[in-house]
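The values are calculated or read from the model by the stated rules, or taken from the named source; none is laboratory data. What you see is a predicted model, and the numbers here were worked out from it, not measured in a lab. Ideal geometry is used to build each Cβ from the backbone, glycine not excepted, and the neighbour counts take in all protein chains shown. With ligands, DNA and RNA removed, areas are computed over all heavy atoms of the protein, side chains included. Shrake-Rupley method; radii C 1.70, N 1.55, O 1.52, S 1.80 Å.
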Amino acid sequence: MGLDSSQRETLLNEAQVEDFDLIIIGGGITGAGILREASLRGLSAILIEAEDFASGTSSKSTKLIHGGLRYLAMGHVHVVREAARERKRVHQLAPHLAEPRWLLLPAANRFELAKFVVGVTAYEKLGQVEKNDKHFNLSGEKLAEFEPLLDQKNFPHACVYREYLTDDARLVIANVRAGIQAGGKAINKLKVTGIYKEKDRVRGVEVECQLSGERFMVRGRGVINAAGPWVEQICALDDLPMPKSMVLSKGIHVVVPADKLPARQMTFAVTEDDRPLFIVPRGNTAYLGTTDTIHKGAEIWPEVTGAEVEYLFEPIQRYYGISLKRSDCLTSWAGLRPLIYQTGKSTKEISRKDEVWLSESGLVTIAGGKLTGYRKMAEDAVNKACEVIGFKFEPLDLNDPLPGGDIGTSLRQCALDLTQSFPMADEQAERLVKLYGAESHAVLSLGSQTLLPEGSVVSGEVSWAIEEEGAQNLEDVLYRRTRAALYSPAESLELVAPIAELMSARLGWSTDRRDQEIAQVNKLLAADLAFRA
Ligand code: FAD
């Protein structure tokens, strides 16, 4: 069985009777990567996610698969080396979810440019960057041609280097599906409420279905806590001390229409207090982020505030001479970085390195890290769990593409092929290929009609989300499958009704259920823009 939402009951029944090798708590990128890794190694594994896959921080990042150039300046060479290498692996596994993009580093003078070049050169060495992907410097007319929007009076030079742009939530879904294809199981809307032990050793988890309220036990020889910002809460269920504590750092992004900020290139700007700000043009929008402030507890998910938005706008004036207003924003999102506390360090100084901890009861916890390094994090966590349960495995080649990753020659060609089978505008084909890769054909064969007359989302995407990607709620489809709420925010309000109709028909919702789903999503869409008030 795959991630077919209509088969949920069967999946829940199976979870109650099977005794798994491994239970994974948390369906963000960390848990999804672990499910894939464990299942490919031959462990019988089940991933349990309280809300929706990627509903935590893994749908709310800056969406860069990157080595983190700024960490090099902080001396975190190991983190940068590993991340720079891992980004190549992600690109191999899912080229549609790791699009190579040039990143512009604007420099105020030649001295600053030289400083960037030294850093970027070291970064390229650590990451063994290919010749075609090496950096270059621009100034004068060439720079104006490359990024006409940049204010060259303030920034007459720039160093341009390679990074990769992903879609975090879809990377999570692709990993969950790869795990399932390798024999694993995954259930969303199922919350872990207790850790079950026998003779003081972890032997399973107690769960509660968030749709029906049903409670039951899932048995497993090993349990990995991959709950990101919630790892401390899961450790508390184990009733044993954690070796270190966590600190959560809030980061926000806002989305504006491309005609308000017509930047051509992804750009790394610096805020007034020396924080990195990424400007990322995507389709007919651009998003800006991020902030880095301490947040107390993940019980209350943070909201974007007006002051934070103004903070992101300030550099836009300096770099592009553009004054953005809150009313220009189409939407926003806020995420929480799960960082491992380091005494005396601010959140921006804390290392993004991940750690694997083992409690006396045998609970494996993976904490910290970044989206970019998820594959290596999964490897480390599964190694530890295999030690705990005494599972021996042969080293395997785990480089098979993720679902949709087998795109052939190039994304461009894949998009062109799509337009041959399904007549559509180039931008539309490009959008689909970036979301679904080689599976775009299969998605369109379920329905190629757009849901809105001039819109981008097609009916087949809704069916695909239900049949193949475990979408249970309207929010899952709008926010984390089609990504319309983030990348096509101008359409999202109008998309609510037609998506709800299709989901009602496929999942047999009552009128009441449909109305509740619509009300819930409308509330979320309004909350995303509450800072404009
Ligand atoms: P999450 O994605 O939060 O997943 C944890 C999951 O556990 C959640 O889905 C939650 O519902 C589930 N859960 C919690 N409690 C329970 C329970 N009791 N039972 C079952 N499930 C439970 N990294 C990069 O590499 N590149 C970037 O560009 C980047 N940008 C970032 C920008 C911001 C603003 C932030 C905040 C982070 C950024 N990161 C980036 C870091 C990266 O996003 C995170 O490290 C990563 O997404 C964390 O993934 P995770 O799976 O550990 O946590």
Considering (1) assigned to a helix (DSSP H, G or I); (2) more than 13 Å from the ligand (Cβ to nearest atom), say which one THR30 fails and leave the rest. (2)
Going through segment 45-72 one residue at a time, which ones are out of contact with any Ser or Thr (no Cβ under 7 Å at 6 or more places or on another chain), within 9 Å of the ligand (Cβ to nearest atom) and among the hydroxyl-bearing types (Ser, Thr, Tyr)? SER55, THR57, SER58, SER59, SER61
Just to verify a result, which residue in segment 1-30, among those that are β-branched (Val, Ile, Thr) and either under 21 Å from ASP238 (Cα atoms) or in contact with a strand residue (DSSP E or B) (Cβ under 8 Å, 6 or more places away or on another chain) (or both), is surrounded by the most Cβ atoms within 10 Å (Cβ to Cβ)? ILE24
Just the residues that are within 11 Å of the ligand (Cβ to nearest atom), touching a strand residue (DSSP E or B) at 6+ places or on another chain (Cβ under 6 Å) and either assigned to a loop (DSSP other than H, G, I, E, B) or of a type in the set (Lys, Arg) (or both), please, taken from segment 337-353. ARG337, THR347
Elements of type helices (runs of 4 or more DSSP H) in segment 430-533, at least 2 residues being open to solvent by 20 Å² or more (accessible area, probe 1.4 Å) and under 27 Å from LEU418 (Cα atoms): 440-445, 459-468, 489-507
Residue hits (segment 47-86; part of a helix (DSSP H, G or I), closer than 29 Å to PRO302 by Cα and charged (D, E, K, R)) are ARG70
Apart from one, (1) within 12 Å of the ligand (Cβ to nearest atom); (2) within 23 Å of the chain's Cα centre (by Cα); (3) part of a strand (DSSP E or B) all hold for GLU208; the odd one out is (2)
Go through GLU112, GLU147 for me and flag whichever is in contact with a strand residue (DSSP E or B) (Cβ under 8 Å, 6 or more places away or on another chain), farther than 30 Å from ILE34 by Cα, open to solvent by less than 10 Å² (accessible area, probe 1.4 Å) and away from the ligand (no atom under 16 Å from the Cβ). GLU147
Could you check ILE366 against (1) buried (at least 18 other Cβ atoms within 10 Å of the Cβ); (2) part of a helix (DSSP H, G or I); (3) modelled with pLDDT of 95 or more and say which number it fails? (2)
List, please: which pairs have Cβ atoms under 8 Å, are six or more places apart or on different chains, and start with a residue in segment 274-302 that is open to solvent by 20 Å² or more (accessible area, probe 1.4 Å) and in a loop (DSSP other than H, G, I, E, B) and end with one that is at pLDDT 90 or above and within 11 Å of the ligand (Cβ to nearest atom)? ASP292/SER249; ASP292/LYS250; ASP292/GLY251; ASP292/ARG337; LYS296/LEU248; GLY297/LEU248; TRP301/ALA334; TRP301/LEU336
TRP230 meets each of (1) more than 12 Å from the ligand (Cβ to nearest atom); (2) buried (at least 16 other Cβ atoms within 10 Å of the Cβ); (3) not in a strand (DSSP E or B) with one exception, condition (1)
Consider only pairs whose beta carbons are under 6 Å apart and that are at least six residues apart or on different chains; among these, list those whose first residue lies in segment 244-266 and is at positive phi and modelled with pLDDT of 95 or more and whose second residue is in a strand (DSSP E or B) and open to solvent by less than 30 Å² (accessible area, probe 1.4 Å). none
Going residue by residue through segment 63-79, is there one that turns out to be open to solvent by less than 30 Å² (accessible area, probe 1.4 Å) and modelled with pLDDT of 95 or more? yes
Does segment 323-338 contain any residue that is within 28 Å of HIS135 (Cβ to Cβ) and open to solvent by less than 30 Å² (accessible area, probe 1.4 Å)? no
With respect to the numbered conditions (1) away from the ligand (no atom under 14 Å from the Cβ); (2) small (Gly, Ala, Ser); (3) under 29 Å from LEU47 (Cβ atoms); (4) open to solvent by 10 Å² or more (accessible area, probe 1.4 Å), which one is the sole condition not fulfilled by GLY222? (4)
Does ARG215 fit the bill of being without any contact (Cβ under 8 Å) to a residue 24 or more places away in the chain and loosely packed, with under 13 Cβ neighbours inside 10 Å? yes
Would you confirm whether any residue within segment 164-171 is outside any strand (DSSP E or B) and open to solvent by 10 Å² or more (accessible area, probe 1.4 Å)? yes
